[in-house]
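The values are calculated or read from the model by the stated rules, or taken from the named source; none is laboratory data. Everything numeric here is computed off the predicted structure, so don't read it as measured data. Cβ sites come from the backbone with ideal geometry, for glycine too, and all protein chains shown count toward neighbours.
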Amino acid sequence: MHSMAAAARALPILTFDDAALCPSFGYVFDTHWLGPYESIVSILWKFARMNALPGHVLVGHLCAQPVDPYEGICASPAGVETRRVAGILGVPMKVVRCALGSTSGRRPLDSHLRHCPRCMSRGYHSIVHQFLGAMHCPAHGDWLEQGCDACGHAAEYRLDAQLLDAPFKCPRCRRPYGRSTINLWTSSPLPKRMRTAMTRAYFSY
Ligand SMILES: [Zn+2]
Ligand SMILES: [Zn+2]
């Protein structure tokens, strides 16, 4: 059972103790919900939604040091503890490493969220969209956008409570970044051709 809709129906009501966030606590996550080279922001949006976790609680568990959740942490290996986050999500460390950037370390990330509206409509944001200087979505060919169509706010690409509380939406006005209605639980995976394009783009940087 890999559909998010099915898992959502099966999800018990969680009584949340934020001191006890650990894999054995029974969080729900499935790597089949992930697209190729999905960004850490996109992964955590899904994780938070699926488990009804507020952003300010989630931020506090991404690294061992105490953090101000509204200040947040860098969405990079410098901010996020890869092993810890892989453990919470129940995914291989490689998935988290790729979600944090180019594993070659050669490709810097933009400091503000960049997105492809058509990918956002599917509930997907890739780390490739975030590579500094990337102009087009490898899957769709569309120009990447920065900032919200509705209010103009350019969200920082940073793991803070505001951004994590607004899945696939502008954290200021809450308007979705995608142009069509998003249903995270039923959206189908990217077609193979697009997955290949995304993978090729990741490795070409
Ligand atoms: Zn796209
Ligand atoms: Zn906005």
| task | Name every residue in region 167-181 that is under 15 Å from Pro117 (Cα atoms) and assigned to a loop (DSSP other than H, G, I, E, B), in order of residue number. | result | Pro167, Phe168, Cys170, Arg174, Arg175, Tyr177, Gly178, Arg179, Ser180, Thr181
| Looking at (1) at pLDDT below 95; (2) away from ligand 1 (no atom under 16 Å from the Cβ), which is the one condition that is false for Arg122? | (2)
| task | Determine if region 185-203 includes at least one residue that is over 28 Å from Asn51 (Cβ atoms), small (Gly, Ala, Ser) and away from ligand 2 (no atom under 12 Å from the Cβ). | result | yes
| said: Any residue that is over 13 Å from the mean Cα position of the chain (by Cα), not in a helix (DSSP H, G or I) and not polar (S, T, N, Q) - is there at least one of those in region 32-52? | reply: yes
| request: Please enumerate the residues belonging to region 147-183 that are within 16 Å of ligand 1 (Cβ to nearest atom) and surrounded by 14 or more Cβ atoms within 10 Å (Cβ to Cβ). | output: Phe168, Pro176, Tyr177, Gly178, Ile182
| message | Could you list, ordered by first residue, the pairs with Cβ atoms under 8 Å in which the first is in region 129-144 and within 12 Å of Ser102 (Cβ to Cβ) and the second is within 16 Å of ligand 2 (Cβ to nearest atom) and charged (D, E, K, R), at least 6 apart or interchain? | response | Gln130/Arg114; Ala134/Arg114
| said: Please determine whether any residue of region 122-138 is farther than 23 Å from Ala52 by Cβ, more than 16 Å from ligand 2 (Cβ to nearest atom), of a type in the set (Lys, Arg) and part of a loop (DSSP other than H, G, I, E, B). | reply: no
| said: Which of the numbered conditions does Lys192 fail, given that it passes all the others? Conditions: (1) more than 23 Å from Gly79 (Cα to Cα); (2) under 15 Å from the mean Cα position of the chain (by Cα). | reply: (2)
